[in-house]
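Colleague: Once you've had a glance at the structure underneath, I'll fire off some questions.
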Amino acid sequence: MINLTTILIIILVAIVLWLIFTFNSLVRNRYRVREAWSDIDVQLKRRHDLIPNLIEAVKGYMVHERTVFENVTQARAQALGAQGKDQRAGAENTLSGTLKTLFAVAENYPELKANANFLDLQRELTDTEDKLQAARRFYNGNVMEYNTRINMFPANLFAGVFGFTKEEFFGLENESEKEPVQVKF
């Protein structure tokens, strides 16, 4: 016959197994968020590496547009120096806006729009923007799953004790920044 001690041991083992399972799933979710952030970092680096080449390709044609180049260069420097996800998101949004301005001004230069190097750089930047958008969606999906997990009962009872804290979404600050960088020929 099963005695009280055996029942308590079974209950204790079940609780310990549940804690181990829950802890491991929270760790898995946290690493997925970190992996997704790494994907965003890769695309942002690619974007930052393309910008100097784009500016050099455009400089010869757009002699009178010095402020546009300065704004793009300054926004890129701020994006590279940004710390934390919120500051990084804001700096990247500013950079997107300055790139939109650069492409809008480039519309006034037909010779530039016909330059093969400029066209290749525009395609690369457009491809990078698409990949960055996908990486943001992937990151935000993982953040949603992670945040939901640490806030759901009963995991929320001990998530904070083990150092699991809420992650922030990588978002856009205003409506105008939700528009993709337009590349028109």
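The values are calculated or read from the model by the stated rules, or taken from the named source; none is laboratory data. The structure displayed is predicted, hence computed values, not measured ones. As a convention, Cβ positions derive from the backbone with ideal geometry for all residues, glycine included, and neighbour counts pool all protein chains shown.
Colleague: Might you check whether a residue that is loosely packed, with under 14 Cβ neighbours inside 10 Å and in contact (Cβ under 8 Å) with a residue 40 or more places away in the chain occurs anywhere in region 3-20? Talk me through it step by step, then tell me what you get.
Modeller: If we filter region 3-20 for residues that are loosely packed, with under 14 Cβ neighbours inside 10 Å, which is where we start, we get 3-18, 20.
After this cut, where a residue has to be in contact (Cβ under 8 Å) with a residue 40 or more places away in the chain as well, the list is none.
No - not one qualifying residue is present in region 3-20.
Colleague: With respect to residue 87, is the statement that it is within 20 Å of residue 34 (Cβ to Cβ) and assigned to a loop (DSSP other than H, G, I, E, B) true?
Modeller: No, not satisfied.
Colleague: Would you check if there is a residue in region 63-75 being basic (Lys, Arg) and touching a Phe, Trp or Tyr at 6+ places or on another chain (Cβ under 7 Å)?
Modeller: Filtering region 63-75 down to residues basic (Lys, Arg) leaves 66.
From what's left, touching a Phe, Trp or Tyr at 6+ places or on another chain (Cβ under 7 Å): none.
Within region 63-75, none of the residues are basic (Lys, Arg) and touching a Phe, Trp or Tyr at 6+ places or on another chain (Cβ under 7 Å).
Colleague: If you check 50, 54, which single one turns out to be crowded, with 17+ Cβ neighbours inside 10 Å and more than 30 Å from residue 168 (Cα to Cα)? Break it down into steps so the answer makes sense when it comes.
Modeller: Details: 50 fails: more than 30 Å from residue 168 (Cα to Cα).
The conditions single out 54.
Colleague: Related question: Scan region 95-118 residue by residue and report those that are among the hydroxyl-bearing types (Ser, Thr, Tyr) and at pLDDT 75 or above. Step through it out loud before you land on a result.
Modeller: The initial filter retains those residues of region 95-118 that are among the hydroxyl-bearing types (Ser, Thr, Tyr), namely 96, 98, 101, 109.
Within region 95-118, 96, 98, 101 meet the criteria.
Colleague: Right, here's the next one. Might you check whether a residue that is more than 30 Å from residue 158 (Cβ to Cβ) and part of a helix (DSSP H, G or I) occurs anywhere in region 27-41? Explain how you work it out, then say what you get.
Modeller: First pass over region 27-41, keeping only residues more than 30 Å from residue 158 (Cβ to Cβ): 41.
Then drop every residue that is not part of a helix (DSSP H, G or I), which leaves 41.
Taking every residue of region 27-41 in turn, at least one turns out to be more than 30 Å from residue 158 (Cβ to Cβ) and part of a helix (DSSP H, G or I).
Colleague: Consider only pairs whose beta carbons are under 7 Å apart and that are at least six residues apart or on different chains; among these, list those whose first residue lies in region 135-155 and is modelled with pLDDT under 90 and buried (at least 18 other Cβ atoms within 10 Å of the Cβ) and whose second residue is basic (Lys, Arg) and assigned to a helix (DSSP H, G or I).
Modeller: 155/149
Colleague: Within region 23-38, which residues are in contact with a helix residue (DSSP H, G or I) (Cβ under 8 Å, 6 or more places away or on another chain) and either modelled with pLDDT under 90 or small (Gly, Ala, Ser) (or both)?
Modeller: Within region 23-38, 25, 36 meet the criteria.
Colleague: While we're here: Please find, within region 68-109, the residue that is nearest to residue 58 (Cα to Cα) out of those that are of a type in the set (Ser, Thr, Tyr) and crowded, with 18+ Cβ neighbours inside 10 Å. Before you say what the answer is, go through the steps one by one.
Modeller: Of region 68-109, the ones of a type in the set (Ser, Thr, Tyr) are 73, 94, 96, 98, 101, 109.
Applying the additional criterion that residues be crowded, with 18+ Cβ neighbours inside 10 Å yields 94, 96, 98.
Details: 94: 20, 96: 17, 98: 14 Å.
Out of the qualifying residues, it is 98.
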